[in-house]
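Here's the structure we're looking at; comments come further down.
The values are calculated or read from the model by the stated rules, or taken from the named source; none is laboratory data. These numbers come from a predicted model, not from an experiment. Please note: Cβ atoms are built from the backbone with ideal geometry, for glycine as well, and neighbour counts cover all protein chains shown. Heads up: the accessible areas ignore ligands, DNA and RNA and are worked out on the full protein's heavy atoms, side chains in. Shrake-Rupley method; radii C 1.70, N 1.55, O 1.52, S 1.80 Å.
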Protein chains: 2
Amino acid sequence: MFDLHPRLAADTAFVADWAVSRVLLMDDARYRWIVLVPRVANAVELHDLTQPDRAVLLDEIVKSSERLKRLAVATKINVGALGNLVPQLHVHVVARSPRDPAWPGPVWGHSSAVPYERPARDAFIREFLNAH
Amino acid sequence: MFDLHPRLAADTAFVADWAVSRVLLMDDARYRWIVLVPRVANAVELHDLTQPDRAVLLDEIVKSSERLKRLAVATKINVGALGNLVPQLHVHVVARSPRDPAWPGPVWGHSSAVPYERPARDAFIREFLNAH
């Protein structure tokens, strides 16, 4: 049974359930930052997924990446599956630009999140869901 | 035409050419760190690859990840496609453990590499190629 890790639940807002991933928005208004969590119990590494689930996850990474590129001022999309602190397999997809606080370094571990105002967060989630 | 970015060439040693990726070893003896560079001209984002090339790249990420898990003392494999400094699409696959210098933070931008002694580097490349 799939349970979202409490740390991921605390740091993000729910966006949608896609075929393999729970889609979450990192609650940090300084970035446009999606987190994909495969709804597969006990998955830690990419190689813990079946080959078909991995292929769908990759499509979902690409879909997120293309949507962020359309919606955000993004010089580069960063994709990362780290999990040194939260073992549950999750993939970050982050729109990066020279004007963001961590540029050009990685966002992970850089600085504390600045939570969204609720209306701005809801508006971005709607935009993300409707971007095609 | 595919040309390896000079920064990637300077920081790594050649391991092999797989179906889609040039496989490189990051020349930093403190980590077991593979870099996969799809041999596709002008690719910057994952979504710049065709769907079939992406699928093969994912297989190559998983193959690298499984081999590193077998060869290194790895608590976690970190996979990342950042490219904020080097635009050419490349994917890091890094074996991480609580005894490495950057743990639990990301390796990217953490500290300067400590190059391998040549025999140790060649030995690890051989091990990696022979791990099944």
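Computed quantities for the displayed model
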| quantity | calculated |
| --- | --- |
| Selected residue (only one of A:W33, A:W108 is more than 10 Å from chain B (Cβ to nearest Cβ) and open to solvent by less than 50 Å² (accessible area, probe 1.4 Å)) | A:W33 |
| Residue count for region A:19-30, restricted to those that are open to solvent by 10 Å² or more (accessible area, probe 1.4 Å) and touching a strand residue (DSSP E or B) at 6+ places or on another chain (Cβ under 9 Å) | 4 |
| Number of positions in region A:91-132 that are in contact with a strand residue (DSSP E or B) (Cβ under 8 Å, 6 or more places away or on another chain) and in a helix (DSSP H, G or I) | 5 |
| Test: residue in region B:27-45 that is under 26 Å from A:P87 (Cα atoms) and assigned to a helix (DSSP H, G or I) | no |
| Qualifying residue in region A:56-76 (condition: under 16 Å from B:G80 (Cβ atoms) and in a loop (DSSP other than H, G, I, E, B)) | no |
| Qualifying residue in region B:45-65 (condition: crowded, with 17+ Cβ neighbours inside 10 Å, more than 24 Å from A:T75 (Cα to Cα), in contact with a His (Cβ under 6 Å, 6 or more places away or on another chain) and touching a residue at least 24 places away in the same chain (Cβ under 8 Å)) | yes |
| Lone qualifier among A:N84, A:N78 - being within 9 Å of another protein chain (Cβ to nearest Cβ) and open to solvent by less than 10 Å² (accessible area, probe 1.4 Å) | A:N78 |
| Given (1) within 14 Å of chain B (Cβ to nearest Cβ); (2) of a type in the set (K, R); (3) free of Cβ contacts under 8 Å to residues at least 24 places away in the same chain, number of the condition A:R126 does not satisfy | (1) |
| Residue among A:A16, A:A113, A:A72 that alone is modelled with pLDDT under 95, within 16 Å of the chain's Cα centre (by Cα) and open to solvent by less than 60 Å² (accessible area, probe 1.4 Å) | A:A72 |
| Hey, B:A41 in contact (Cβ under 8 Å) with a residue 40 or more places away in the chain and farther than 14 Å from B:I125 by Cα or not | yes |
| Sole residue being facing chain A (nearest Cβ under 8 Å) and farther than 21 Å from A:E45 by Cβ, chosen from B:H5, B:H47 | B:H47 |
